[in-house]
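The values are calculated or read from the model by the stated rules, or taken from the named source; none is laboratory data. This is a predicted model, so every value here is computed, not measured. These area figures cover heavy atoms from the full protein model, side chains too; ligands, DNA and RNA do not enter into them. Shrake-Rupley method; radii C 1.70, N 1.55, O 1.52, S 1.80 Å.
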Amino acid sequence: GWCPLSHAGAKTTQLLVEPPWRPAVLWDRVTLTCQGLGTAGATTWYKDGQRWEQNRWDRFTVTESGTYTCDRHSRGLSALVTVLNYHLVLQVPGWTLLEGDTVTLHCRA
């Protein structure tokens, strides 16, 4: 499933990541989707804090490690998502966890 990286109602723009594991790793073929109000194609992407002109689609597959955020139709920046290029990583589910929840961890190499 999709993993929204901002709490519902906290921001009007949400950045969804697939697959829904944190941290996101480049070799997982991470897809980012920017959701929010406004017309399709009105998305501005930022990579490592800089406006990123290479991609103006609402959805794309990440090809470079870095920290990404987006803005839909000037409604405010989404939460950040960092995509790493690590060779060994311990991943947790990307959704909010509460005390007492059963958690599946992924040790990936």
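Some notes on this structure:
- Inverting the pair-averaged 1/r between distinct Cα atoms of region 52-109 gives 14.3 Å as its Kirkwood hydrodynamic radius.
- When R108, R75 are compared by accessible surface with a 1.4 Å probe, the order from highest to lowest is R75, R108.
- The Cα trace of region 14-108 gives Rg and Dmax of 14.1, 43 Å, the first to one decimal, the second as a whole number.
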